[in-house]
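The values are calculated or read from the model by the stated rules, or taken from the named source; none is laboratory data. Keep in mind that this is a model prediction, so the values were computed, not measured. Counting neighbours? That spans all protein chains shown, and the Cβs are built from the backbone with ideal geometry, glycine included. For accessibility, only protein heavy atoms count, side chains too; no ligands or nucleic acids. Shrake-Rupley method; radii C 1.70, N 1.55, O 1.52, S 1.80 Å.
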Amino acid sequence: MGLKVHNRASIAAPAGRYVHGVEVPPNARLLFVSGQVGIDRNRKPGATIEKQCELAWRNLVAILKSAGMRPADIVRVNVYITDPRYVEAYRNARDKFIGANPPASTLLVVTALVDPALKVEIEAVAARV
């Protein structure tokens, strides 16, 4: 049994590339990924929001690979951006990494992240059946 998506016709359809709910079957392996930010391996932040979004996704995918998983195994993402003008840049980067079956998702605009140079943070839950 694989992942089961829950998008009910009785509520508004998702407003973007996400689903309302993802059910993980029994005995699936779960991976909880801490928030990944837009820095390179030398801890240098990307110069633009586009680069930071790409780096954050690349860092997330590297952790998935370490666990023998891939972006298609992501069942939930929580995203934090520091300016509503960054939504499009985030979505463009996300769309390069997730496939045809998007995860459940929450996107929040926050005042700041721990380092003022950081503009995006992505945390995720993945499940491998």
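Applying a threshold of 6 Å to beta carbon distances and a minimum spacing of six or more residues, or different chains, the list of pairs starting in the stretch 62-78 at a residue that is in contact (Cβ under 8 Å) with a residue 60 or more places away in the chain and ending at one that is in a strand (DSSP E or B) and open to solvent by 30 Å² or more (accessible area, probe 1.4 Å) reads ALA67/LEU31; VAL75/VAL22; VAL75/VAL125. Is it fair to say VAL114 is touching a Pro at 6+ places or on another chain (Cβ under 8 Å), aliphatic (A, V, I, L, M) and free of Cβ contacts under 8 Å to residues at least 40 places away in the same chain? No, not satisfied.
Scan the stretch 99-107 and tell me whether some residue there is at positive phi and in contact with a strand residue (DSSP E or B) (Cβ under 8 Å, 6 or more places away or on another chain). No, the conditions are met nowhere in the stretch 99-107. Checked against (1) within 23 Å of ALA13 (Cβ to Cβ); (2) touching a Pro at 6+ places or on another chain (Cβ under 8 Å); (3) open to solvent by 10 Å² or more (accessible area, probe 1.4 Å), ALA100 passes all but condition (2).
Across the stretch 2-40, what is the number of residues that are at pLDDT 95 or above and under 26 Å from ILE81 (Cα atoms)? Talk me through it step by step, then tell me what you get.
If we filter the stretch 2-40 for residues that are at pLDDT 95 or above, which is where we start, we get 29-40.
Filter once more, so that each one left must be under 26 Å from ILE81 (Cα atoms): 30-40.
Of the residues in the stretch 2-40, 11 are at pLDDT 95 or above and under 26 Å from ILE81 (Cα atoms).
Applying the selection to the stretch 62-83, what residues are assigned to a helix (DSSP H, G or I) and surrounded by fewer than 19 Cβ atoms within 10 Å (Cβ to Cβ)? Those that are assigned to a helix (DSSP H, G or I) and surrounded by fewer than 19 Cβ atoms within 10 Å (Cβ to Cβ): ALA62, ILE63, LYS65, SER66, ALA72.
Listed by first and then second residue, the pairs with beta-carbon distance under 6 Å, at least 6 apart or on different chains, first residue in the stretch 12-26 and within 15 Å of ALA124 (Cβ to Cβ) and in contact (Cβ under 8 Å) with a residue 40 or more places away in the chain, second part of a loop (DSSP other than H, G, I, E, B) and open to solvent by 60 Å² or more (accessible area, probe 1.4 Å), are VAL19/ASN7; VAL22/LEU3. When residues in the stretch 27-47 are screened for being over 14 Å from ALA124 (Cα atoms) and open to solvent by less than 60 Å² (accessible area, probe 1.4 Å), 6 of them pass.
Do the conditions hold for GLU50, that is, is it in contact (Cβ under 8 Å) with a residue 24 or more places away in the chain, open to solvent by 20 Å² or more (accessible area, probe 1.4 Å), closer than 23 Å to LEU30 by Cα and outside any loop (DSSP other than H, G, I, E, B)?
Details: in contact (Cβ under 8 Å) with a residue 24 or more places away in the chain: yes; open to solvent by 20 Å² or more (accessible area, probe 1.4 Å): yes; closer than 23 Å to LEU30 by Cα: no; outside any loop (DSSP other than H, G, I, E, B): yes.
Criteria not met by GLU50.
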